[in-house]
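Below is one structure, written out as structure tokens; comments come after it.
The values are calculated or read from the model by the stated rules, or taken from the named source; none is laboratory data. Everything numeric here is computed off the predicted structure, so don't read it as measured data. Please note: Cβ atoms are built from the backbone with ideal geometry, for glycine as well, and neighbour counts cover all protein chains shown. Keep in mind that these areas ignore ligands, DNA and RNA; they rest on the heavy atoms of the full protein, side chains included. Shrake-Rupley method; radii C 1.70, N 1.55, O 1.52, S 1.80 Å.
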Amino acid sequence: MCDRCGSGSRAGLATIAPVMASPPRLLLVGAGHAHLEVLRRLGARDHPPVELIVVSDTPRQLYSGMVPGFLYGEYREEEVAVELAPLVRGAGGELVLTRATRVDPEARCVRLEGGGEVGYDLASFNVGSRTAGEATPGVREHAALIKPIERALVVRRRLRELTGSEGRREVAVVGAGAAGVEVACSARTALDRCGGGGRVRLLEAGGEILPGYSERFRHRARRVLAGRGIEVRTGAPVGSVRAETVELENGDELPSGLTVWLTGAAAPPLFAGSGLALDERGFLRVDPALRSLSHPEVFGAGDCVTPAEHPATPKAGVFAVREAPFLWRSLLVALGARGGYPRYEPQRGFLSILNTADGSALLRWKGIVSHSRWSWWLKDRIDRRFMARYRP
């Protein structure tokens, strides 16, 4: 049995004490961008009494905006990671370090890896997404994935091993969205820094890179990629991944000592079979207050949810950051604070800056498209300011 409102962390394998109604228990599952902000505000502001428990399968949360820079050595690990224990402790909560495996909304509990469970009065999920296409032959065995985000540590290790090898240095990045473009550029810089040589390929099943961006932006990105010697193949779905090759569905075999799989978002498995309202892909459906459509004591934000009124909202970190104050206000109301629930409306446009790993960045803002050192400076400044919010 845990101490109520404890401030430590634990392995989390034993069952935590049953829910007590006063004060209500708030369970935060995952430590994505939105939950980091909720924790910060819980520690910095007055709020109704609450027993806080945070379940996370990692003691640190990597910031996705700085991961490409981390991969090629622009940032140290400690610069891109938020340590959860101080943040949870400052919020008066308890950190349980284990993986949540299933939600049981009827029993109001979350099952934990190893057989334990945690009960809740209110629960919020900010667990991100998985990577689409993981079932493609060979992906789980041979490809490197960045989702969940802590897997970026493995990608960096494998990239360093490749750059330190004496054989052919071949990298294939599968998926040419924003993350794929950034990772391909990061890999190119890592290869260049170890003495040059090697090849980076960017493979996209669809007909164009950077879906969702303007043709003008895509054209600029293609020029940047070509200038960096990165080969781009569109209309090239991957059929299988092997230890040292990638096989396309058309039968072409491409050498690859490191294959990074970045093919879009898939729903996290813990919602499956829960009885919660989900969309057709398995993401949690939420109303404008970020509450579950079927169980109003359940909340969510970030990639793991689909706003029911705006189902086409992209699975991107910038939306989780904007959702954070709405989630905070909704949780306050659910805990008994005065006022009504907020209405989250996804932003129609947003500043997008892609790190091209050459001291510059691609920027899109309204009608502006730029590839410049100033864009990189702006991105670095924004990212460092974001991280500073969650440090002691």
Could you tell me the ratio Rg/Rh of the range 281-321? Both radii from Cα atoms, Rh via Kirkwood.
0.93
For the chain, the percent of accessible surface on carbon and sulfur atoms (probe 1.4 angstrom, ligands and nucleic acids excluded) is 50
From the C-alpha coordinates alone, can you work out the Kirkwood hydrodynamic radius of the range 214-295, in Å?
16.7
In Å, what Kirkwood hydrodynamic radius results for the range 49-144 from the alpha-carbon pair distances?
16.0
Could you list log10 I(q)/I(0) for the range 116-170 at q = 0.25 Å⁻¹, which the Debye formula gives when each Cα is one point scatterer?
-1.05
Compute the separation of the alpha-carbon centres of the range 137-170 and the range 21-97 and state it in Å as a whole number.
27
Normalised Cα Rg of the range 246-330, dividing by 2.2 N^0.38 Å with N its residue count, works out at 1.41
How high is the relative contact order of the range 16-113? Use alpha-carbon pairs under 8 Å, at least six apart in sequence, and give a whole percent.
28
Spread of Cα-to-Cα distances over 5 Å intervals beginning at zero, given as percent, for the range 73-195:
2, 7, 14, 17, 16, 13, 11, 10, 6, 3, 1, 0
For the chain, what does the relative contact order come out to in percent, with C-alpha contacts under 8 Å and a separation of six or more?
18
Pairwise label distance in nanometres, K366 with R45, each label 7 Å out on the Cα-Cβ vector:
2.9
Share of Cα-Cα pairs in the range 319-392 lying beyond 14 Å, as whole percent:
70
Under 8 Å for C-alpha pairs, at least 6 residues apart: give me the relative contact order for the range 48-189, rounded to a whole percent.
23
Over 22 Å [Cα-Cα, the range 265-392], rounded percent:
49
Within the chain, which DSSP H helices have Cα atoms that stretch 20 Å or more along the helix axis and a mean Kyte-Doolittle hydropathy of at least 1.0?
317-334
Please report, to two decimal places, log10 I(q)/I(0) for the chain at q = 0.09, 0.11, 0.12 Å⁻¹ as given by the Debye formula with identical point scatterers on the Cα atoms and no solvent.
-0.54, -0.80, -0.95
Which value in deg cm²/dmol, rounded to the nearest 500, describes the helix-derived mean residue ellipticity at 222 nm for the chain, given -39,500 (n - 2.57) per DSSP H run of n ≥ 4 and division by the residue count?
-8000 deg cm²/dmol
